[in-house]
1. Mind grabbing the base-10 log of I(q)/I(0) for the stretch 350-405 at q = 0.28 Å⁻¹? Debye formula, identical points on the C-alpha positions, no solvent, two decimal places.
2. Would you tally the net charge around D75, using a Cβ to Cβ cut-off of less than 13 Å, leaving D75 out, and scoring K and R as +1, D and E as -1?
3. Would you mind putting 404-415, 472-483 in packing order, based on average other-beta-carbon counts within 10 Å, highest first?
4. Order the following by accessible area, largest value first: S204, S402. Probe radius 1.4 Å; ligands, DNA and RNA are ignored.
5. How big is the stretch 316-426 by Rg and Dmax over its Cα atoms, in Å?
6. Give me the percent of the accessible area of the stretch 382-507 that comes from carbon and sulfur atoms, probe 1.4 Å, all protein chains in place.
7. According to a simple spin-label model (label point 7 Å from Cα along Cα-to-Cβ), what is the distance in nm between N285 and S495?
8. Taking 7 Å along the Cα-to-C-beta vector as the label spot, tell me the Y383-K18 distance in nanometres, rounded to one decimal.
Amino acid sequence: LYADTRAVMFKDWAIISKVFPRPIDTMQQLLKRVFEQTIQSYLETLFMRAEGQSKLAFLRVLASSHLETRRLVGDLQKFDAETITPAVMVLETARQSGGAAAAHGLLDLPGDPLSPSTQFSRSQSGKGPDAAARGAIDDGDDDDPDDEAAARDRLGEARSGVGSAVAIAALIGRSEGANAGVGLLHGFLDRCCDDLFEAYIAGSNYINAEQAHLRSALQQALVPFARARSERQGPSRSKALLGMLSSVTGGGSSAAGGSPSAGASDGNGSGGTQAAGFEGSINTNTTRVLLQAHAEAVARAVELESEPVAAESVAALTSQLLATLGDEYVFPALDDVLESLQDLRQEPDLRAFEAVRVANLIVRLAQLHFQRAVVPFVGNGNYIYRDTVTVKNRLMSRVEASLNTITNKLVGACTQWIGGILAKQHRGDFRPAEDDFTALETGTQPCQRCSDFLGRVEQACRRSLGPDNQERVLTDVGGALHRILMDHLRRFVVSVAGGLVLAKDVS
């Protein structure tokens, strides 16, 4: 439709400029009818069909239609500035300087012989339309036949509707300044475009619909997470919490059984990073879906609303995303992980370190998304920008505080578990029989269990934490181990052979 509109408008102007005495008024009426009748009726039908499918389809069609309409208006404004307005200004200039006869002569086709009225005007007064036009730039200097012929050629191009804007502007004394690129129909075309979408965008109609859709899209993306979380916290909530971190999607072994492996892949095998590999935990795939829905909403808001209003809409949509991402996704998952570490009778599931890693990835994704999809549209340094940055930083500070709490709790749980293992040390372990060489070769069983557990702690830290956090966590665990061992070993009497067993345990 818009391609046909462009072609028809360009073609009709060539005819209108030759036939009507005031072509600009005729062209304006023609454009008004095209926008009010043809385009408006087509868009209303299109919007009605899209709204019948879904709210998302309506918003997408609304945004894409607005974009294509702006392109059409831009092309028409360019044609107006380069062709229509220069030709009309030449016509008006000729009317003012050469009278009605000269003005009529401007509408002759290029290359046609001068009309009788033009010939009469030139022979009697010596001032035809070309002389008048030339006088506008020469200020009455000596007449040059070559300049007169060049001016007549350029004037003919203006009458045909395809002339150069630069040549015509020079002909009538216009410079290529601020007015050179703005035509007489510029504001009228902008109003036509605004009128087409006013009923759908005016006031809060659009942003309310966009926020309602974004809320629905975010909730839909979180349905699997919410369902899995509600199942864990079902009838046997306490039992579910105890086994939450040891139940792997698709079935897995219990961490208390001594399996050191902790998968870091998505439960559905989609390639995203999921916390600890257990169902219902946070993962980067779901986060990407949330960010994608928000990015699409921001793009529509920027397209459909004016610049100052668009900045406020983008800020509102971003606050909605951050609230959902934190309060309904990240923080509930981290709270579940923290609650699962409360029972110190169970071996701490070290896959909780993976939840820390995935939460860090989510924060980094949110920060990158904020820089690319939000900052360019909320300005820089104004109050909207400051408020949006404050909301984002508050979310990240809360996530960081939660991760610190979980990490500290993990360190405490590991320390408590090591103390529990050492508490099972038998009093005779360091006083073996003289013919018992097994303990001399392997050490005591509590030592072996501590060594295995500490190895799993190190692997989980190396896999899930950065270098600085690794050093901090492992140093805390190592310091706690040293204090526990010093207190533990003071309780035992060690024989000569037991000294060799003790040396083996310490090493």
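1. Cα-only, vacuum Debye calculation for the stretch 350-405: -1.10.
2. Details: positive: R6, R70, R71, K78; negative: D4, E68, D80, E82.
Net local charge, D75 excluded: 0.
3. Numbers: 404-415: 18.5, 472-483: 15.5.
Highest mean packing first, the order is 404-415, 472-483.
4. Working: S204 65, S402 30 Å².
Result, largest first: S204, S402.
5. Rg and Dmax of the stretch 316-426, Cα atoms, are 18.5, 69 Å.
6. Details: 3850 of 7380 Å².
Within the stretch 382-507, the accessible surface is 52 percent carbon and sulfur.
7. Those two pseudo-labels are separated by 5.9 nm.
8. 6.0
The values are calculated or read from the model by the stated rules, or taken from the named source; none is laboratory data. Here the structure is a predicted model, which means the values were calculated and not measured. Reconstructed Cβ throughout: ideal geometry from the backbone, glycine too, with neighbour counts over all protein chains shown. These area figures cover heavy atoms from the full protein model, side chains too; ligands, DNA and RNA do not enter into them. Shrake-Rupley method; radii C 1.70, N 1.55, O 1.52, S 1.80 Å.
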